[in-house]
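Visitor: Input: one structure, supplied below.
The values are calculated or read from the model by the stated rules, or taken from the named source; none is laboratory data. Keep in mind that this is a model prediction, so the values were computed, not measured. Here the Cβ is made from the backbone with ideal geometry for all residues, glycine too, and neighbour counts use every protein chain on show.
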Amino acid sequence: MNSFPPLDSDSRAAGGAPLAGPQPAAAGPERAALAVRAPADLLAAVPYLLGFHPERSLVVTGLHGSRLTFTARVDLPPAGTPTRAVRAQARHAVAVVARQRVEAALLIGYGTAEEVVPLMEAVRSGLVERSIAVEEELRVAGDRYWSLLCSNPACCPPQGRPFDPSGTVVAATATLAGEVALPDRAALAAQIAPLTGAARAAADRATERADERLSALLAAARPADLLGGRALRVAGMAAVEEAIARQRAGRPLSDDDIAWLTVVLLHPPVRDHAWVATTGEGWAVELWSEVLRRAVEDLVPAPASLLSFAAWHAGRGPLAGVALERALRVDPTYPLARFMADVLCAGVPPELLDDLPRPATQTTP
């Protein structure tokens, strides 16, 4: 796993034109077309591209032709960080962006000049070395922004230019399309945080019943079915298939259904069966989000890793990142979480995930 601060990325085509572009581009799957024609439009679009409002961050949006096709965010290093460390962080970010095969990039830094400029300059240098043109560099602080590529005080005054993203066409378009921009990354993580109160107590009781159900299943199984874990594999795969079918049909799962799922996912063949069946469709993100929220702490790694995979496959990199963090907090060595850490750290485009090796899990026991 990389040693850099979180790098959140979203590889869905974001729709929109570069600053000089006269027309909006087509949107990617399940994403509104956002017409970006001026710096204020870009600043209004970023929170919707990430899913939250960035703070103390450097955001890189990649362009292919007239489309914004990739967005990545990395935490800013503290002011005064040694140059060598800043350059190392920049190299990592540049490698991720370059892997997306973008033609140009726009850089937006959120913070003070002392925090933003060192990393932004290092990233710009790295992108240019890879023949990726940097078409704009903006710094944002509060409700003002500065263009670091413009020295004309007539259009880029020293005190910055005020902007109100809520009043832009971009914000209105995104809102009408159902896009959400949460206050910050912590709010995104809170969406998959463990249940609390009475709901947590109910989920915990359901897990106790699931443990008893597992004990009964193994006690009743024939010796031949216990060998190689066939009894658990059959029951677990059936639970996965039932959960997916119900989620697709919009039929909610009960506490007992979800608790049973978290228990059988401990068995690697069942977990891998769920992995193979998981796509980037909305049902998969919703299912594993709900399972993760209800899982007791020691059963978190499997559903958290499955959610990370589903979210990344859907192009929802920030959600994939916060789900992965939950998995690794419980078990830093969990194999599927480690795999997803490598995927996210390398910035592997979601469309390439179908070509990555996954277990050849049987669909029938």
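Visitor: Is region 265-284 home to any residue that is surrounded by 21 or more Cβ atoms within 10 Å (Cβ to Cβ), closer than 21 Å to residue 194 by Cα and β-branched (Val, Ile, Thr)?
Guide: No: zero hits.
Visitor: Now for a different question. Could you tell me which residue of region 105-126 is surrounded by the fewest Cβ atoms within 10 Å (Cβ to Cβ), considering only residues that are part of a helix (DSSP H, G or I) and in contact with a Phe, Trp or Tyr (Cβ under 9 Å, 6 or more places away or on another chain)?
Guide: 113
Visitor: For residues that are in contact with a helix residue (DSSP H, G or I) (Cβ under 9 Å, 6 or more places away or on another chain), closer than 14 Å to residue 102 by Cβ and not polar (S, T, N, Q), scanning just region 60-79, find the one that is modelled with the lowest pLDDT.
Guide: Selected residue: 68.
Visitor: If you scan region 127-155, which residues turn out to be closer than 26 Å to residue 166 by Cβ and assigned to a strand (DSSP E or B)?
Guide: The answer is 135, 136, 137, 138, 139, 140, 141, 144, 145, 146, 147.
Visitor: Restricting attention to region 305-317, and to residues there that are more than 14 Å from residue 346 (Cα to Cα) and not hydrophobic (A, V, I, L, M, F, W, C), which single residue is surrounded by the fewest Cβ atoms within 10 Å (Cβ to Cβ)?
Guide: 313
Visitor: So residue 337 ticks every box in (1) within 13 Å of the chain's Cα centre (by Cα); (2) among the small types (Gly, Ala, Ser); (3) at pLDDT 95 or above but one. Which box is left unticked?
Guide: The one condition residue 337 does not meet is (1).
Visitor: So residue 217 fits all but one of (1) of a type outside the set (Lys, Arg); (2) touching a Pro at 6+ places or on another chain (Cβ under 9 Å); (3) surrounded by 14 or more Cβ atoms within 10 Å (Cβ to Cβ); (4) modelled with pLDDT of 90 or more; what number is the exception?
Guide: (2)
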